[in-house]
1. With label points built 7 Å along Cα→Cβ from the Cα atoms of F330 and E532, find their separation and express it in nm.
2. What's the Kirkwood radius of the stretch 438-506 in Å, using all Cα pairs?
3. Work out the length of the dipole vector of the stretch 455-593 about its Cα centre, built from +1 on the beta-carbon of each Lys and Arg and -1 on the beta-carbon of each Asp and Glu, and round it to the nearest 20 debye.
4. Along the positive direction of the dipole of the chain (beta-carbon charges: Lys, Arg +1; Asp, Glu -1; about the Cα centre), which of L173, I61, T293 reaches farthest?
5. Quick one: dipole size for the chain, taken about the Cα centre, charges +1 on Lys/Arg Cβ and -1 on Asp/Glu Cβ, in debye to the nearest 20.
6. What is the sum of charges around S49, taking Lys and Arg as +1, Asp and Glu as -1, for the other residues whose C-beta is under 11 Å from the C-beta of S49?
7. Compute the acute angle (0 to 90°) between the alpha-carbon long axis of helix 455-464 and the principal axis of greatest extent of the alpha-carbon atoms of the chain; round to the nearest 10°.
8. Of the heavy-atom accessible surface of the stretch 286-434 (probe 1.4 angstrom), what whole percent is carbon and sulfur?
Amino acid sequence: MTEEEKAAQPKVTPELLKRVFSYLEPYWKQLALVLVCIAASSVFNILPSIFTGKIIDKGLIGRDMRLLVIYIIMSLSVTLLVNLIGVAESYLNSWIAQHITFDMRNQMYRHLQMMSQRFFTSNNQGDIITRMTSDIDGVESVITSTFRSILSNSITLVFALVAMFRKSWVLALLGMAVIPLFVLPTRRAGKTRWTLTREAQEANDEVNGILNETLSVSGQLLVKLFGRENHEYERYRSVNERMVSLNIKERMAGRWFFMVLSTVTNIGPMLLYFVGGLLMMKYDSSLTVGDITVLVALLGKTYMPVNSLLNIQVDWMRSMALFSRIFEYFDMRPEVTTPHRPTPMKNITGSVEFSHVDFWYEKGRQILKDVSFKLESGKSMAIVGPSGSGKSTIINLIPRLYDVTGGNVRLDGVDVRAIKLDLLRQSVGIVSQETYLFNGTIRENLLYAKPDATEEDMIQACRRANIYDFVQAQPDGLDAMVGNRGLKLSGGEKQRISIARVLLKDPALLIFDEATSALDSISEKKIQDAIEPIIKERTSILIAHRLSTILAADEIFVLKDGRIVEHGQHRDLVALGGVYTELYETQFSRPEE
Ligand code: ATP
C-alpha cells in the first residue's frame with residue numbers, strides 16, 4: 001500500500017464504531033428480533049446436514065423405510081422453516097435499514113442547511129450531492145448485508161464447528177487445516193478493492209460535478225454559447241471511461257479472489273473422504289458412511305461463513321469508509337451560528353453601523369479594510385465602486401452570510417453576532433444581483449417570503465414592485481409558471497418579482513444589489529419607479545451602478561480596493577475630482593441622458 005492509500009484508509013477506532021452503532025440504538029428491539037431470527041435459522045440450517053447422516057445410516061444402510069420417510073420429512077420441514085424465518089428477517093432488516101437511512105438523510109439535510117455560505121461556495125456541488133445520496137444509500141446495504149452477514153455467519157460457523165467436533169475431532173481438525181490458505185488472498189483482495197473503491201468514488205464525484213455544472217440551465221447556456229459541446233463531451237467521456245475501467249478492476253479483484261477460494265474449498269471435502277475412508281476401512285473405526293457424509297456437509301457449511309467472514313473484512317473497510325465520509329460532513333461545524341445568549345431585541349429599525357471592519361474570504365487576501373460607516377434608520381445609502389471592490393461583500397456581512405474577520409457590524413446598535421440568527425435574517429431583505437426564483441408559479445415564489453400572505457398582500461406587493469401589469473397580462477395570472485430558475489422571464493421581470501417578494505417579507509433593512517447587466521431603459525425605469533418610493537420609507541442600502549439609483553440615496557459611499565475612499569452627496573463628490581468623478585464619467589449608466 002502506498003503512503004497515500006494508507007492515509008486514505010479510515011481508522012476504525014472505538015469512537016467510530018460507537019458512533020456507527022449509535023444509529024442502530026433506537027431500533028434495538030427490532031434488532032434483537034433480527035438476532036433471534038438469525039440465530040434460529042443458523043441452527044436450523046445445520047439440521048438438514050445432520051438428518052442426511054441419519055437418512056444414510058438409519059434409512060438407506062439400515063433399510064428402514066419408516067425412518068427414511070421420517071428423516072426426509074423432518075429435513076424438508078426444517079428447510080421450509082428456515083426459509084420462512086428468512087422472509088421475516090429480510091422484512092425486519094430492510095425496515096431497520098430504511099429507518100436508519102431515513103434518520104441519517106434528514107440529519108444530513110438539516111446539517112447542510114445550517115452550513116455557512118463558505119461551505120457551498122468552496123465545496124464541489126457534485127460531492128455534496130453524492131454524500132447526500134449514494135453514500136447514505138450505501139449505509140443501507142451495510143446494514144442489510146454487512147452487519148447481517150457478520151451475525152449470521154458467526155453463529156452458523158460456531159454451530160457447525162461444534163457439531164463437527166462432536167462427530168470426529170480428527171476429521172474436524174483436518175477440515176479446518178485448509179483455512180489458513182484463505183487468509184492470504186483475502187487480505188490482498190481486500191486492499192486492492194479498497195483502493196479501487198475509493199478511486200471509483202472519486203471518479204463518481206467528478207462525473208456528478210460535470211453533470212451538475214454542464215446540465216444546469218446556466219451551464220448549458222455557457223456550453224452552447226461558447227460551442228464547447230465537444231469539449232464537454234470529451235471531458236465527460238474520459239471520466240466515464242476511467243470509472244468503467246475502475247469498476248471492472250474492482251469486480252475482477254473480487255472475482256480472482258473468489259476463484260482461489262473456491263478451488264481451495266474443494267480440497268477440504270476430498271481430504272475428508274480420503275482420511276475418513278482410511279480411518280473407517282483400515283483402522284476399524286466406529287465411523288459410519290453417514291458420519292463422513294455429515295462431516296463433509298458440515299464442512300461445506302463452515303467454509304461458506306469463513307469465506308464470507310474473511311470477505312467481510314473488505315466490505316467492512318468499505319462500510320467504515322462510507323461512514324467516515326458521512327461523519328466527515330457531520331463534523332464540519334457551521335461557521336455562522338446563532339448566539340447562545342442572544343440580545344433581546346424589539347422593533348428593529350434597520351440602522352446599520354460598520355466599525356473598522358476587516359474581512360477576507362481566504363486568508364492572506366484581504367477584501368475589506370477598515371470599513372466604517374453609519375446608516376441611520378429610515379435613511380438610504382448608495383455604495384458605488386469599481387467591480388470587485390467589495391460592494392457585495394459588505395452586504396454579505398450584514399445578514400451574516402459570512403462573519404467579519406475584524407471590527408464589527410451592528411444592527412440597531414447590537415453586534416449582529418449577538419442577534420438571534422433567524423431574527424437577524426428576518427430583519428434584512430436582499431434583492432440580489434443574480435435573482436433566484438424557484439421553478440414554480442409566481443405565487444409560489446412570492447409565498448416563499450411570507451407563507452401566510454393573502455391574495456391581497458400579493459397583489460399589493462406586485463403593484464408596488466411595478467410587476468402587476470405583467471402578472472395581469474398572464475393567462476394564469478399569479479399562477480403563471482416562471483420556468484427553471486425563472487428563465488421564462490426577462491431579467492427585468494425577474495428583478496421586479498424579487499422586489500415584490502422582498503416587500504412581502506417586509507424587512508426593517510432593505511438591500512438592493514443592482515444588477516450590472518444592462519436592462520433596456522423601459523425596464524430600468526420600471527425598476528426605478530418601484531424602488532424609489534420603497535427606499536424613501538425604510539432603511540436601505542443600494543449597491544448602485546446607475547446614476548438614477550445613486551441619486552435616490554441620501555448619502556453615497558465610494559469603495560475602492562476594499563476601502564471607503566470618499567463619501568457625501570453627488571454634487572460634492574463630482575466636484576472632488578477623485579474616484580467618484582472617474583466612475584461618474586466612465587461607468588455609471590445614464591439612460592436618462
Ligand atoms: P461587482 O460590482 O462586480 O459585483 P463587488 O464590488 O460587489 O463587484 P465582491 O463581489 O464583493 O465585489 O468581491 C470582492 C472580491 O472578493 C473580489 O475580488 C472577488 O474575487 C472576491 N470574492 C467574492 N466572493 C468570494 C468568495 N466566495 N470566495 C473568495 N473570494 C471571493
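1. Going from the F330 label point to the E532 one covers 5.7 nm.
2. Numbers: mean 1/r = 0.0872 Å⁻¹.
About 11.5 Å, per the Kirkwood formula over Cα pairs.
3. Values: 17 positive and 24 negative charges, 51 e Å.
Once rounded to the nearest 20, the dipole reads 240 debye.
4. Highest projection toward the positive end goes to I61.
5. Working: 66 positive and 65 negative charges, 536 e Å.
Roughly 2580 debye for the chain.
6. On the way: positive: K54, K167, K301; negative: none.
For residues surrounding S49, the net value is +3.
7. Helix 455-464 sits at roughly 50 degrees to that axis.
8. On the way: 3230 of 6490 Å².
C and S fraction of accessible area: 50 percent.
The values are calculated or read from the model by the stated rules, or taken from the named source; none is laboratory data. This one's a predicted model, so the numbers in the text were calculated from it and none came from an experiment. Counting neighbours? That spans all protein chains shown, and the Cβs are built from the backbone with ideal geometry, glycine included. Remember, those area values only see protein heavy atoms, side chains included, never the ligands or the DNA or RNA. Shrake-Rupley method; radii C 1.70, N 1.55, O 1.52, S 1.80 Å.
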